[in-house]
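Colleague: If you scroll down you'll find the structure; I have some questions about it.
The values are calculated or read from the model by the stated rules, or taken from the named source; none is laboratory data. Computed from a prediction, not measured in an experiment: that's the story for all the values here. Note: ideal-geometry Cβ built from the backbone for every residue, glycine included; neighbour counts use all protein chains shown. The area values use the complete protein model at the heavy-atom level, side chains included, leaving out ligands, DNA and RNA. Shrake-Rupley method; radii C 1.70, N 1.55, O 1.52, S 1.80 Å.
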Amino acid sequence: MALSPDDTITITPEILLKAYAAGIFPMAEDADDPSIFWVEPRERGIIPLDGFHVPKRLARTIRSDEFEIRVDHDFDAVIAGCAAPAADREKTWINRRIRDLYGQLFDAGFCHTVEVYREGQLVGGLYGVRLKGAFFGESMFHTERDASKIALVHLVARLKRGGFTLLDTQFVTPHLAQFGAVEVPRRSYKQILRAALEHEGDWHVWPRGQNVRGEDVLAAI
């Protein structure tokens, strides 16, 4: 179902959260298209948190702590990075309405970022929506090798330590499959989602601003 700016239905952050709770998420065709449509895939991508796999080379990089990780520090920069053209994508589905809506969710404490820095410069990260014991990954980016992968590993460690039970990836890509992402039928996904919404995950299990060592991150996984 497509919703244009002229529709009588106004999409609000509250409506977005209800959509996520029902197993639906929004997208746009591209950055220049002002309309939004709802998506409910027949096969839903998830990463089973107990089956998350960290490749050995990436684990060494994380253990080295050569990158600085920040959480919920600069949402605007992260979503801008996710919307920027990259080698593996010429255009983005993140339009102005998406940016505004998720910015409001961020301000309300339901949207979160994991950010990767080198020498004070943002080189990768991801953002997504937290609802009870579920985290819905939206997009990630990198301008330096492994940066988005490092963000994902830090995300999974935080979710596992915080008692989350669902990491939704929407779809499965080869990039995500190497970490254990799988597709589940819509009915199975709804059951997993309902169970995740019955309890509250603790996003702040590691307080904002705390420097979490790579060794501790890997131990949490």
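Colleague: PRE reach from residue 73 (point 7 Å along Cα→Cβ): which of the stretch 188-221 fall under 11 Å by backbone N?
Modeller: Once the point is set 7 Å along Cα→Cβ of residue 73, 209-212 turn out to lie under 11 Å by backbone N, inside the stretch 188-221.
Colleague: Using a Förster distance of 30 Å, how high is the FRET efficiency between residue 190 and residue 84, based on the Cβ-Cβ distance and rounded to 0.05?
Modeller: In this case the efficiency is close to 0.35.
Colleague: What accessible area per residue comes out for the stretch 152-221, rounded to a whole number of Å², with a 1.4 Å probe?
Modeller: 50 Å²
Colleague: Rounded to the nearest 500, what is the 222 nm mean residue ellipticity of the chain from helices alone, with -39500 (n - 2.57) per DSSP H run of 4+ residues and division by all residues?
Modeller: Estimated from H runs of four or more residues: -10000 deg cm²/dmol.
Colleague: In addition: What is the local net charge at residue 203, summed over the other residues whose Cβ is closer than 13 Å to its Cβ (Lys, Arg +1; Asp, Glu -1)?
Modeller: That works out to +3.
Colleague: Can you work out the Karplus-derived ³J(HN,Hα) for every residue in the stretch 172-182? Use 6.51 cos²θ - 1.76 cosθ + 1.60 with θ = phi - 60°, whole Hz, and x for glycine or proline.
Modeller: Along the stretch 172-182, the couplings run 10, 10, x, 4, 7, 4, 5, 9, x, 5, 9 Hz.
Colleague: Roughly speaking, to the nearest percent, how much of the stretch 73-162's 1.4 Å accessible area is carbon and sulfur?
Modeller: Carbon and sulfur atoms account for 45 percent of the accessible area of the stretch 73-162.
Colleague: Provide the gained length on full extension for the span residue 145 to residue 63, in nm with one decimal, where the gain is 0.36 nm per separating residue minus the Cα-Cα distance.
Modeller: Extending this stretch completely gives an extra 28.0 nm.
Colleague: Length gain on complete extension for the stretch residue 210 to residue 21, per 0.36 nm per residue less the alpha carbon to alpha carbon distance?
Modeller: Length gained, residue 210 through residue 21: 65.0 nm.
Colleague: Using 0.36 nm times the number of residues separating residue 56 and residue 200, minus their current alpha carbon distance, what extension gain do you get?
Modeller: My answer for the length gained is 48.7 nm.
Colleague: So with the 1.4 Å probe, I'd like the accessible area per residue for the stretch 19-132, rounded to whole Å². Intermediate values should be presented prior to the final figure.
Modeller: Details: 5310 Å² over 114 residues.
Per-residue accessible area for the stretch 19-132 comes out at 47 Å².
Colleague: Same structure again: Can you compute the charge dipole magnitude of the chain about its Cα centre, using +1 on each Lys and Arg Cβ and -1 on each Asp and Glu Cβ, nothing else charged? Give it in debye, rounded to the nearest 20.
Modeller: That gives a dipole near 820 debye.
Colleague: List the lysines whose Cα lies under 26 Å from the Cα of residue 149, skipping any in the same chain that are fewer than 8 positions away.
Modeller: Leaving aside lysines fewer than 8 places away in the same chain, those within reach of residue 149 are 56, 91, 132, 160.
Colleague: Which of 170, 62, 36 sits closest to the plus end of the dipole of the chain, meaning its Cα is farthest towards the positive end, when Lys and Arg get +1 and Asp and Glu get -1 on the C-beta?
Modeller: Of the listed residues, the answer is 62.
Colleague: Follow-up. Report the one residue of 141, 47, 27 whose Cα lies farthest in the direction of the positive end of the charge dipole of the chain (charges on C-beta: Lys and Arg +1, Asp and Glu -1; origin at the Cα centre).
Modeller: The residue sitting most towards the positive pole is 47.
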